[in-house]
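K.L.:
Here it is, the structure, as structure tokens.
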Amino acid sequence: MKRLIMLLATIMLVMMLSACGNEQITPSTETSVAEIIPESTPEPTPELHIHIWAEADCQTPKTCADCGETEGMALSHDLTEANYQEPPICIVCGEIVGEPLTAGFDKQGIVIDTVLDEVYPFVAICGDDESKTTVGRITFYNLVIEYWCDVEGCGSNDCDHEKVDEWRDISYRIEFDDENAHLYGTQIGYIFTDFYLQDGTNDKFIYSDAEIGNTLNWYGVEYQGCINGQAEIISDGWVNNVLTLSRTKSFKVPTGYDGAVLGLVGFQAESKGLTFNEVLEHQPVFFRLK
Ligand SMILES: [Zn+2]
Ligand SMILES: [Zn+2]
Ligand SMILES: [Zn+2]
């Protein structure tokens, strides 16, 4: 019996040792395998990399799409010149860099908010006594855009030639019926001016028919001979105790032009030869033909 126990103990000891031995052997085997791998696959050398260059643009220098290495500098924008309608634009990348030029009326903080068929107050100096004023009403109505033929000897708006001259017409009606208008009459002056070019210093654009041949700038292109003011009297006189003055004024402009401005003021500004800033002190009512 004692022998049997000894034999069992010996078997168990051998099993434990062999289990123990297995655990010790495994890591050393793995280590020796891992050490071999790097030796059999050499690392790539820098000389073997071929750059895949993406050309420089306005934001990024010439750059390798693979490794990110750069060469030189980013290009600089090649900008168009700003005008009143368009900001500077890069002709290489198309980015907008800046703002359009500031229109003259915006520079002066003059807001033109008159719209068609609304009635606005209109204060005028009396004709027979300039110490008195009369308060009337002004309405702008019927804005018309027409195209006329510029072929010599034709000049029609109903022919087979190409129509190149754009005319914009605006009609207005001013009515007076207060006591001062009855007693002392009234005065009206009008000016043709320009939303973009009238910055308070440009007196070329203030009087009606005096300045034919002015130059406008539309999308950076200069147009000669614009703002040829023409006036048509529709009505002018007392009817049923209301003094009504109605006119249609016409502007020749570049095609699509939205900067022509008509200003009405309650005294004869043109005959007094005032500057634009002097006219402004008399609070003209402006209408923009757009
Ligand atoms: Zn590269
Ligand atoms: Zn650019
Ligand atoms: Zn024609």
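The values are calculated or read from the model by the stated rules, or taken from the named source; none is laboratory data. Values in this document were obtained by computation on a predicted structure and should not be read as measured data. Heads up, the Cβs are rebuilt from the backbone with ideal geometry, glycines too, and the neighbour counts pull from every protein chain shown.
K.L.:
Do the conditions hold for G94, that is, is it in a loop (DSSP other than H, G, I, E, B), outside the structural domain of V242 (by TED's automatic domain parsing), within 16 Å of ligand 1 (Cβ to nearest atom) and of a type in the set (G, A, S)? Write out each step before concluding.
P.N.:
Numbers: in a loop (DSSP other than H, G, I, E, B): yes; outside the structural domain of V242 (by TED's automatic domain parsing): yes; within 16 Å of ligand 1 (Cβ to nearest atom): no; of a type in the set (G, A, S): yes.
So G94 does not fit the description; no.
K.L.:
Just to be sure, is N142 touching a residue at least 12 places away in the same chain (Cβ under 8 Å), assigned by TED's automatic domain parsing to the domain that holds N240 and in contact with a strand residue (DSSP E or B) (Cβ under 6 Å, 6 or more places away or on another chain)? Full working, then the answer.
P.N.:
On the way: touching a residue at least 12 places away in the same chain (Cβ under 8 Å): yes; assigned by TED's automatic domain parsing to the domain that holds N240: yes; in contact with a strand residue (DSSP E or B) (Cβ under 6 Å, 6 or more places away or on another chain): yes.
For N142, the condition - touching a residue at least 12 places away in the same chain (Cβ under 8 Å), assigned by TED's automatic domain parsing to the domain that holds N240 and in contact with a strand residue (DSSP E or B) (Cβ under 6 Å, 6 or more places away or on another chain) - is met.
K.L.:
In the stretch 128-153, which residues are part of a strand (DSSP E or B) and among the small types (G, A, S)? Don't jump to the end; show me each part of the working.
P.N.:
Start the filter on the stretch 128-153 by keeping residues that are part of a strand (DSSP E or B), which leaves 133-149.
Hit for the stretch 128-153 is G136, nothing else.
K.L.:
Just to check your reading of the model, which residue among E86, E81 is within 16 Å of ligand 2 (Cβ to nearest atom), in contact (Cβ under 8 Å) with a residue 60 or more places away in the chain and surrounded by fewer than 14 Cβ atoms within 10 Å (Cβ to Cβ)?
P.N.:
Details: E86 fails: surrounded by fewer than 14 Cβ atoms within 10 Å (Cβ to Cβ).
When all the criteria are applied, what remains is E81.
K.L.:
Now for a different question. Restricting to the stretch 188-202, count the residues that are closer than 18 Å to T134 by Cα and touching a Ser or Thr at 6+ places or on another chain (Cβ under 9 Å).
P.N.:
So in the stretch 188-202, the residues closer than 18 Å to T134 by Cα come out as 188-190.
Then drop every residue that is not touching a Ser or Thr at 6+ places or on another chain (Cβ under 9 Å), which leaves 189-190.
Matching residues across the stretch 188-202 total 2.
K.L.:
Filter the stretch 234-275 down to the residues that are of a type in the set (A, V, I, L, M, F, W, C) and under 26 Å from the mean Cα position of the chain (by Cα), then identify the one that is surrounded by the most Cβ atoms within 10 Å (Cβ to Cβ). Even if it seems obvious, please write down each step before you answer.
P.N.:
Just the residues of the stretch 234-275 that are of a type in the set (A, V, I, L, M, F, W, C), to begin with: 234, 238-239, 242-243, 245, 251, 253, 260-262, 264-265, 267, 269, 274.
If we keep only those that are under 26 Å from the mean Cα position of the chain (by Cα) too, we end up with 251, 253, 260-262.
Details: F251: 23, V253: 23, A260: 27, V261: 25, L262: 25.
Across the stretch 234-275, the extreme among qualifying residues is A260.
K.L.:
Would you check if there is a residue in the stretch 38-58 being at pLDDT 70 or above, more than 16 Å from ligand 1 (Cβ to nearest atom), surrounded by 10 or more Cβ atoms within 10 Å (Cβ to Cβ) and not assigned by TED's automatic domain parsing to the domain that holds A260?
P.N.:
Looking through the stretch 38-58, at least one residue is at pLDDT 70 or above, more than 16 Å from ligand 1 (Cβ to nearest atom), surrounded by 10 or more Cβ atoms within 10 Å (Cβ to Cβ) and not assigned by TED's automatic domain parsing to the domain that holds A260.
K.L.:
What are the residues in the stretch 165-194 that are more than 12 Å from C126 (Cα to Cα), polar (S, T, N, Q) and over 27 Å from the mean Cα position of the chain (by Cα), if any?
P.N.:
Within the stretch 165-194, just S171 meets the criteria.
K.L.:
Hey, could you check the stretch 109-127 for residues that are under 20 Å from A269 (Cα atoms) and part of a loop (DSSP other than H, G, I, E, B) and say which is nearest to ligand 3 (Cβ to nearest atom)?
P.N.:
Only one residue fits best here, namely I112.
K.L.:
Of all the residues that make up the stretch 108-120, how many are more than 15 Å from D258 (Cα to Cα) and either touching a His at 6+ places or on another chain (Cβ under 7 Å) or surrounded by 14 or more Cβ atoms within 10 Å (Cβ to Cβ) (or both)?
P.N.:
Of the residues in that region, 3 qualify.
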